[in-house]
Amino acid sequence: MTVDPSTLPYRRGVGLCLFNKQGLVLVAERRDRRGAWQMPQGGVQKDEIMHLAGLRELKEEVGTDKAEIIACLPEKLSYEFPDWLQYKGGVFRGKYRGQEQYWFALRFLGEDSEIDLSGEHEPENPEFVAWRWAPLEETPKLIVDFKRPMYEKIAAGFAPIAAAIGRGETLPVWKP
């Protein structure tokens, strides 16, 4: 018997839009889906504070937490898992209908050489095989189809930040 996905909860998570000094964002190619590029994201542990979960996930997924949060989208964004992710061999084996995430914009304070996808800080298998800087507005075209509507909202929501950083403006640190 298959469970109706609409009866399942969303997995709580965070997403990270890491900007470099030119206003470009870090995207990484998924190990399990070559050609699919995404921004770092991950689950939130029980009782974990969202923005601290974001910094933890950044360290786990790209090997550095040399960043400061400069913004958070005001609403949670969500997406539904497709059937092939939902059941049997799927990542969460029918436990969740999808993910619901808080998205943070961060200013990268480190050097490109500090980005490390080896998984040294990742408790699971490394998620990514390559990374690069990309214009924010291109990210919806790089992501898997089922996450595209969410990435369109992220790109629209953080577009003023990307433009301001690209102009060399210094944005204040976000206050929780």
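The values are calculated or read from the model by the stated rules, or taken from the named source; none is laboratory data. In this text the structure is predicted, and so the values were computed from the model without any measurement. All Cβ positions, glycine included, derive from the backbone under ideal geometry; neighbour counts span all protein chains shown.
Numerical summary
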{"read-out": "Looking only at the range 33-55, and only at residues there that are of a type in the set (D, E, K, R) and without any contact (Cβ under 8 Å) to a residue 12 or more places away in the chain, the one that is nearest to Glu111 (Cα to Cα)", "value": "Glu48"}
{"read-out": "Filtered residues of the range 146-166 (kept if loosely packed, with under 14 Cβ neighbours inside 10 Å and without any contact (Cβ under 8 Å) to a residue 60 or more places away in the chain)", "value": "Ala156, Ala159, Pro160"}
{"read-out": "Single match in Gly90, Gly94, Gly119, Gly110 (criterion: over 14 Å from the mean Cα position of the chain (by Cα), modelled with pLDDT of 95 or more, assigned to a loop (DSSP other than H, G, I, E, B) and not basic (Lys, Arg))", "value": "Gly110"}
{"read-out": "Matching residues, the range 111-140, being β-branched (Val, Ile, Thr) and surrounded by 14 or more Cβ atoms within 10 Å (Cβ to Cβ)", "value": "Ile115, Thr139"}
{"read-out": "Criterion violated by Pro82 - all others in (1) modelled with pLDDT under 80; (2) under 16 Å from Asp4 (Cβ atoms) satisfied", "value": "(1)"}
{"read-out": "Unique residue being without any contact (Cβ under 8 Å) to a residue 60 or more places away in the chain and closer than 18 Å to Trp37 by Cβ when the list is Glu127, Glu111, Glu137", "value": "Glu137"}
{"read-out": "The one condition in (1) more than 30 Å from Ser6 (Cβ to Cβ); (2) within 15 Å of the chain's Cα centre (by Cα) that Gln41 fails to fulfil", "value": "(1)"}
{"read-out": "Residues that are of a type outside the set (Asp, Glu) and loosely packed, with under 12 Cβ neighbours inside 10 Å, drawn from the range 167-176", "value": "Arg167, Gly168, Thr170, Pro172, Val173, Lys175, Pro176"}
{"read-out": "When residues of the range 2-39 are limited to those that are of a type in the set (S, T, N, Q) and touching a strand residue (DSSP E or B) at 6+ places or on another chain (Cβ under 8 Å), the one nearest to Trp131 (Cα to Cα)", "value": "Gln38"}
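Every residue, every condition in (1) within 18 Å of Asp65 (Cβ to Cβ); (2) part of a strand (DSSP E or B); (3) modelled with pLDDT under 95, yes or no:
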{"position": "Gly13", "(1), (2), (3)": "yes, yes, no"}
{"position": "Leu26", "(1), (2), (3)": "yes, yes, no"}
{"position": "Gly42", "(1), (2), (3)": "yes, yes, yes"}
{"position": "Gln45", "(1), (2), (3)": "yes, no, yes"}
